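A quick write-up on the structure given underneath.
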Amino acid sequence: QVQLVESGGGLVQAGGSLRLSCAASGSIFSINAMNWYRQAPGKQRELVATITSSGGNTNYADSVKGRFTISRDNAKNTVYLQMNSLKPEDTAVYYCHTIVQNRIGGILLSYWGQGTQVTVSS
């Protein structure tokens with residue numbers, strides 16, 4: 001079993017910054033791409049940012065390009081989301097997600113974190 005534990009959410013004023021972290025632990029052989037999603041009240045969950053297993057490639061939703069930066073530390077099995085110039089419309093529960101292979105030749109399994117609330121006041 002694999003656990004994803006997120007931290008770093010909170011309340012911030014518009015224009016402020018937050019840094020989210022998500023640490024994976026448990027039975028892990030390899031971790032594929034790691035992703036951040038968010039879900040605002042009454043809206044569908046949307047993909048915010050993704051980073052490949054090596055960390056060499058990243059992609060962002062248009063709404064956060066230039067403001068958010070995703071990174072990862074493979075030695076710590078941790079992914080980060082640096083969020084700058086936050087806007088009230090960034091308010092949501094943020095979830096990390098990844099696909100893990102728990103042993104050599106094992107199947108790939110999808111895991112989600114429990115979510116962390118980010119609230120941006122105007």
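Numbers below:
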| item | result |
| --- | --- |
| Scope segment 27-41; condition open to solvent by less than 90 Å² (accessible area, probe 1.4 Å) and more than 10 Å from Val93 (Cα to Cα); matching residues | Ser27, Ile28, Ser30, Ile31, Asn32, Ala33, Met34, Asn35, Trp36 |
| Sole exception among (1) out of contact with any Asp or Glu (no Cβ under 6 Å at 6 or more places or on another chain); (2) over 17 Å from Val120 (Cβ atoms) for Gln82, by number | (2) |
| Selection status of Gly16, touching a Leu at 6+ places or on another chain (Cβ under 6 Å) and open to solvent by 30 Å² or more (accessible area, probe 1.4 Å) | no |
| Residue under evaluation Ser71, criteria (1) within 15 Å of Tyr94 (Cα to Cα); (2) within 12 Å of the chain's Cα centre (by Cα); (3) open to solvent by less than 60 Å² (accessible area, probe 1.4 Å), criterion not met | (1) |
| Residues of segment 48-68 classified as farther than 19 Å from Val120 by Cβ and under 14 Å from the mean Cα position of the chain (by Cα), total | 7 |
| Residue under evaluation Val12, criteria (1) more than 14 Å from the chain's Cα centre (by Cα); (2) not in a strand (DSSP E or B), criterion not met | (2) |
| Test for Lys76: is it open to solvent by 30 Å² or more (accessible area, probe 1.4 Å), assigned to a loop (DSSP other than H, G, I, E, B), in contact with a strand residue (DSSP E or B) (Cβ under 9 Å, 6 or more places away or on another chain) and within 24 Å of Asn102 (Cα to Cα) | yes |
| Filter result (open to solvent by less than 50 Å² (accessible area, probe 1.4 Å) and among the small types (Gly, Ala, Ser)) within segment 42-68 | Ala49, Gly55, Ala61 |
| Candidates Val100, Val93, Val120, filtered to the one that is farther than 18 Å from Gln1 by Cα and open to solvent by less than 30 Å² (accessible area, probe 1.4 Å) | Val120 |
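The values are calculated or read from the model by the stated rules, or taken from the named source; none is laboratory data. Everything numeric here is computed off the predicted structure, so don't read it as measured data. Don't worry about glycine lacking a Cβ; one is built from the backbone with ideal geometry, like all the others, and counts go over all protein chains shown. The protein model used for the area step is the full one, side chains on, heavy atoms only, and it has no ligands, DNA or RNA in it. Shrake-Rupley method; radii C 1.70, N 1.55, O 1.52, S 1.80 Å.
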